[in-house]
Amino acid sequence: MKHDCQETELLISGYLDGELTQSDRQRVDLILEDCIQCTETHQEMKKFRKGVGDIPFDILTKKEKTAINKYVTTNTWANVGQLMFIVPLILLYGTGAFLMVASVIKDPEAPLWLKIGLPSIIGGLGLMVFTVVLQRIKAHKTDKYKDVHI
């Protein structure tokens, strides 16, 4: 089968992860039957993934443990920083939206369509953002690539 081994390498990675469509899996199977170089690449990737996955934390060198712990610590502080930014931002915009809607509703000269439309738009936007955040939290629990670092 005519193919480019560099492009096939990407397919082999997806093949090992189980993320290819049926047609792509069949294509990789055919390529692996025909191409010795791609078969060797497949075996090396498979061996490497098994080897890396089987390394217990106790066997790692002090340098590797330090690098892992440094990343975890950095990641923790990044999460704290994000929370310190996002929570006040939500409170600020939420308070501003509430005060704006309250002033429009209390204004006797404001038209009825504005008194109904503005709270609907702001409430709908808030509900949509809340729903998306909940969906992302639920999806994060089952995301098989959440621990993959590039």
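Values quoted throughout were computed directly from the atomic coordinates according to the rules given, and no laboratory measurement underlies them. What you are looking at is a predicted structure, and each value in this text was computed from that prediction instead of being measured. Using ideal geometry, Cβ is built from the backbone for each residue, glycine included, and neighbour counts are taken over all protein chains shown.
Viscosity 1.002 mPa s, temperature 20 °C: what is the translational diffusion coefficient of region 5-53 from Stokes-Einstein with a Kirkwood Rh over Cα pairs, rounded to a whole number of µm²/s? Let's see the in-between values first.
Working: Rh = 10.8 Å.
Roughly 199 µm²/s, to the nearest whole number.
Residues with beta-carbon under 13 Å from that of Leu118, excluding Leu118: net charge, scoring Lys, Arg +1 and Asp, Glu -1? Display every interim value, and only then the final one.
Working: positive: Lys106, Lys115; negative: Asp107.
Local net charge: +1.
Ordered by residue, what ³J(HN,Hα) values in Hz, to whole numbers, does region 76-91 give under the Karplus form 6.51 cos²θ - 1.76 cosθ + 1.60, where θ = phi - 60° and Gly and Pro are x?
After applying 6.51 cos²θ - 1.76 cosθ + 1.60, I find 4, 5, 5, 5, 4, x, 5, 5, 5, 8, 6, 4, x, 4, 5, 4 Hz.
May I ask which of Lys106/Lys141; Lys2/Lys47; Lys2/Lys141 have a Cα-Cα span longer than 32 Å here?
Working: Lys106/Lys141 44 Å; Lys2/Lys47 26 Å; Lys2/Lys141 40 Å.
Result: Lys106/Lys141; Lys2/Lys141 exceed 32 Å.
For region 85-150, compute Rg over Rh where Rg is the Cα radius of gyration and Rh is the Kirkwood radius from the inverse mean 1/r over Cα pairs.
Details: Rg = 17.6 Å, Rh = 14.5 Å.
Ratio of gyration radius to Kirkwood radius for region 85-150: 1.22.
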